[in-house]
Amino acid sequence: MEEQQQTNSNQIPLAARHTNWWDMFATWVGANANNGTWFVGGVLAACGFAVAMKVLVISSALSYVFLSLVGYMGYKTGLSTMTLSRASFGERGSYLPSLVNITQFIGWTAVNTFIAAQSVGLIFTQLWGWPSFGKSGGWKGLVVGIVVMSVLHILSISAGSRSIQLIERLGIILVLVFVVWESVAVFKTVSLAEIAHWSVPAKQRMATGAAVDYVAAFNLAWVTAGADFTRFTASRMNSIISPFVGAMVGVLWFAFIGLISTISIAIISGVYNANNSDPSTIAAKLGLGIVALLVIILTSMTANAVNLLGAGSALSNIFPKISLKSALWLVVSLATIVTFIPMFVGSFLDTFESFLDYVAMVLGPTIAIICTDFYWKAKRHYQVAELGQVNGRYWYRRGVNPAAIITFIVGVVIFLTFRNQEFFVNSIGITFVDMLVSGLLYMGLSKLQRG
């Protein structure tokens with residue numbers, strides 16, 4: 001623990017770390033037991049049940065190996081992921097991954113908020129007969145829902161990491177009850193055998209490689225928040241195992257519910273429509289009532305607590321003088337504005353898929369660089385006292401590490417060039433290949449720099 005004996009303004013000292021195994025596990029289950037995960041499961045129904053489950057397990061497990069790697073980095077140094085990125089990207093170069101993190105976490109907050117706002121609107125529909133979203137005048141309930149969710153998000157981050165921890169503890173219990181309830185409701189109408197043998201309409205089938213990229217983009221989004229939470233634990237194994245197990249349980253659990261719910265609706269109605277994969281629509285079609293919609297709102301809070309902390313930490317890395325609490329208030333405000341975008345640009349599904357493309361494009365190279373730098377180049381040892389120092393060890397050239405920036409650009413180009421190539425679309429996807437190539441390229445460029 002040599003790094004933890006150094007001093008850094010953003011560092012959490014070992015004696016101040018109190019996150020236990022249950023809190024860490026609950027945080028990552030809560031992060032994935034949410035509306036977005038449900039929606040992903042519903043969209044994956046386009047692969048068919050068997051292929052969707054196979055992709056979910058394999059792509060999620062590969063993604064969360066990186067969550068464990070970054071989680072250990074947070075434990076070892078006591079620093080957030082974006083602060084750690086200074087070592088690989090350079091003091092000023094770290095603004096690039098920080099901006100990536102801010103945009104993607106604000107985007108995820110908006111995704112979950114939009115879905116939860118639909119639940120709020122449906123509650124108004126059931127109580128007072130307001131028109132639902134998509135119908136004439138339906139915008140009113142959605143706008144009120146977005147405002148309500150934004151107020152709830154402010155409450156969830158009011159005391160910083162402590163209030164987030166309390167929300168996760170409560171949320172995981174209620175989510176467990178809801179998932180059991182949802183499962184019973186589905187299997188009362190359709191059997192698992194019927195779901196497993198349901199055939200996707202040929203024109204709507206999703207290719208395997210596209211599904212791998214889809215799930216990878218969703219899961220990798222959490223990786224850059226890994227150290228933000230593991231820096232609060234004093235246990236090495238807790239930083240490695242709990243994030244992986246918790247995230248896997250959450251994503252498989254809720255994506256499975258979204259998958260079987262969407263297929264069950266398709267079987268009952270005879271029509272599969274990926275736009276109807278969101279939990280609010282499904283809960284309404286299954287007749288689960290207002291209580292179900294309230295729990296959907298809660299799951300948005302549990303997931304967005306993690307999203308907002310990730311975005312706030314990234315903002316603090318760019319502007320160190322801004323306190324974490326102030327940064328959290330700012331990202332809540334930005335997320336509220338972004339949540340309105342799907343109302344004006346077409347279907348929510350189209351907006352969501354475009355957002356996932358962006359996430360995969362920028363996060364793959366970013367994560368590959370951060371992990372390669374720490375585990376290969378630095379041999380798991382950063383000089384924490386040097387982080388933040390002008391002309392220090394991690395200053396590189398005018399505060400920027402050219403090897404990291406070049407690798408990032410090449411990684412983005414590779415993704416854009418090959419993501420629609422038939423081989424990758426129909427087989428393994430491009431995301432993990434891109435990460436492998438980015439890691440190897442960074443190793444080569446780093447050797448040239450030292451040479």
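Derivation of every value follows stated rules applied to the coordinates shown; laboratory data play no part. Since this is a predicted model, take the numbers as computed values, not measurements. In this analysis, Cβ positions are derived from the backbone assuming ideal geometry, glycine residues included, and neighbour counts consider all displayed protein chains.
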Query - Residue-by-residue Karplus 3J(HN,Hα) for region 26-38, coefficients 6.51, -1.76, 1.60, Hz, glycine and proline x - result: 4, 4, 7, 5, x, 4, 9, 7, 8, 4, x, 5, 4
Query raised in the report: What's the exposure ranking of Tyr72, Tyr64, going from fewest to most Cβ atoms within 10 Å?
Result: Tyr72, Tyr64
**Report entry** Between region 191-210 and region 51-118, the alpha-carbon center distance in angstrom
**Finding:** 30 Å
Query raised in the report: Modelled label-to-label distance, Gln126 and Arg398, 7 Å Cα→beta-carbon offset: nm?
Result: 5.9 nm
Query raised in the report: Listing Ile12, Ile115, Ile406 from the residue with the fewest other Cβ atoms within 10 Å to the one with the most, what is the order?
Result: Ile406, Ile12, Ile115
Query raised in the report: Relative contact order (percent) for region 24-137, with alpha-carbon contacts under 8 angstrom and 6 or more residues of separation?
Result: 22 percent
Query raised in the report: By how many nm would the segment from Ile173 to Arg380 grow when fully extended, if each residue of separation counts as 0.36 nm and the alpha-carbon distance is taken off?
Result: 70.9 nm
Report summary line: For the chain, the dipole about the Cα centre with charges only on Cβ (Lys and Arg +1, Asp and Glu -1), to the nearest 20 debye, works out at 780 debye
Report task. Go through region 42-54 residue by residue and turn each phi into a ³J(HN,Hα) via Karplus (6.51, -1.76, 1.60, θ = phi - 60°); whole Hz please, and just put x for glycine and proline. Result -> x, 5, 5, 4, 5, 8, x, 4, 5, 5, 4, 5, 4
Query raised in the report: Restricting attention to region 301-399, which chymotrypsin sites (Phe, Trp or Tyr not before Pro) occupy a DSSP loop and are surrounded by at most 11 other Cβ atoms within 10 Å?
Result: Phe344
Query - Estimated [θ] at 222 nm from DSSP helical runs (n ≥ 4, -39500 (n - 2.57)) normalised by residues in the chain, nearest 500 - result: -24000 deg cm²/dmol
Report summary line: The ³J(HN,Hα) series, computed from each phi in region 106-117 with the Karplus coefficients 6.51, -1.76 and 1.60 at θ = phi - 60°, rounded to the nearest Hz and given as x for glycine or proline, is 5, x, 5, 4, 5, 4, 5, 5, 4, 5, 5, 5
